[in-house]
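The values are calculated or read from the model by the stated rules, or taken from the named source; none is laboratory data. Because the structure is predicted, anything quoted here is derived from the model rather than measured. As a convention, Cβ positions derive from the backbone with ideal geometry for all residues, glycine included, and neighbour counts pool all protein chains shown.
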Amino acid sequence: MFGRGKKIEESLTRTRTSFFGRIASLFGARSIDEHLWEELEELLIQADVGVATTVSVVEWLRAETDRRRLRRSEEVYDLLKERLREILRASARPYLAGERLLHVVLVVGVNGSGKTTSIAKLAAYHKARGDKVMLAGADTFRAAAIDQLKIWADRVGVDMISHQPGADPGAVVYDAIRAATARGFNVLIADTAGRLQTKFNLMQELKKLHGVAHKQVHRAPHETLLVLDATTGQNALSQAKVFQEAVQITGVILAKLDGTAKGGMVFAIAHDLGVPVKFVGTGETLEDFAPFEPDAFVEGLFATGTA
């Protein structure tokens, strides 16, 4: 049954017991001095929070510490968690807000990021909520991508529309929308090509798919979700910037969160790109997938820390 998979806190074990555990240990019975700020900055960067986000967080903390006239490092620790929660909440947006007959979701991401598996998990998530789900195999440049998606569609128990390898991706999305509408489906999830070798072609292709969806369904696509591999750290952030330039990303699916000790990239995504993480992959099974909750994520990062 969906929802019994690995929880976010459990998937954060590696991150929590490495960098964020060390961050928590900074705030013991010690004074607030320059060494504290330097160590905090170093650990945040090592945890893949990113330089820009780290500098912003530490500068804010220093200013607030002075303004509030804090004297104990434990108080700064609470302030740090407050600021991290604020960063995530600031970019948060509801997933598929609004009532409509057909929700269209485009899923983008580089090959190897966990995109196909994430689509399967998202389909299972919707099916468990009672939605009637269809998949569209619009990554027509790789025959393996279509075959893999078909296998997952069968496992999840959802329908799929696909064409032959090399076919026009826009035609696949068009046919899938027509089929979903005719058969009374209310969620269509479309896979897309994940090639970054030629950014111009990627941009044109994604813009075309957006255009096809928009012409067929009012305000579609209603979500464009970028799948990022959490284990690739700052490289994933670089990928996100390319896709953000190519098409308006509405959210991120962070795959393989359980496989990294550097979960801090979530804050860089929210702060640097202004894009919310909407789902996280917390393990290998279909059930290891959950909507992202900022407060639960921050608490999970510091759950074993001491203050």
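A few points about this structure:
- The set of residues in segment 149-195 that are among the polar types (S, T, N, Q) and farther than 17 Å from ILE119 by Cα comprises GLN164, THR181.
- Some residue of segment 272-281 being more than 12 Å from GLY114 (Cβ to Cβ) and basic (Lys, Arg): yes
- Across segment 139-153, the number of residues qualifying as among the charged types (D, E, K, R), assigned to a helix (DSSP H, G or I) and closer than 23 Å to ASN186 by Cα comes to 1.
- Within segment 96-114, being within 18 Å of LEU286 (Cβ to Cβ) and modelled with pLDDT of 95 or more holds for VAL105, VAL107.
- With respect to the conditions (1) within 23 Å of ALA145 (Cβ to Cβ); (2) buried (at least 18 other Cβ atoms within 10 Å of the Cβ); (3) more than 19 Å from the chain's Cα centre (by Cα), MET203 lacks only one, and its number is (2).
- Test result for ALA153, within 23 Å of the chain's Cα centre (by Cα), closer than 27 Å to GLN244 by Cβ and crowded, with 19+ Cβ neighbours inside 10 Å: no
- Among the candidates VAL49, VAL58, residue that is assigned to a helix (DSSP H, G or I), surrounded by 17 or more Cβ atoms within 10 Å (Cβ to Cβ) and outside the structural domain of GLY233 (by TED's automatic domain parsing): VAL58
- Search result, residues across segment 229-253 that are under 12 Å from the mean Cα position of the chain (by Cα) and at pLDDT below 95: ASP229, ALA230, ALA236, LEU237, ALA240, ILE249
- Residue in segment 295-303 that is over 20 Å from GLU82 (Cα atoms), surrounded by fewer than 21 Cβ atoms within 10 Å (Cβ to Cβ) and in contact (Cβ under 8 Å) with a residue 40 or more places away in the chain present: no
- ASP175 being under 30 Å from GLU293 (Cα atoms), over 22 Å from the mean Cα position of the chain (by Cα) and either in a helix (DSSP H, G or I) or modelled with pLDDT under 90 (or both): no
- The single condition among (1) buried (at least 17 other Cβ atoms within 10 Å of the Cβ); (2) over 27 Å from PHE20 (Cβ atoms) that ILE87 does not satisfy is (2).
- Hits in segment 103-138 - residues which are in contact with a strand residue (DSSP E or B) (Cβ under 6 Å, 6 or more places away or on another chain) and part of a loop (DSSP other than H, G, I, E, B): GLY109, SER113, GLY114, ASP131, ALA138
- Contact map, segment 41-69: residues that are under 16 Å from PHE27 (Cα atoms) paired with residues that are part of a loop (DSSP other than H, G, I, E, B), Cβ distance under 7 Å, separation 6+ or inter-chain. Pairs shown: LEU44/GLY264; THR65/ILE32.
- Among (1) assigned to a loop (DSSP other than H, G, I, E, B); (2) within 22 Å of HIS126 (Cα to Cα), the one test that ALA261 misses: (2)
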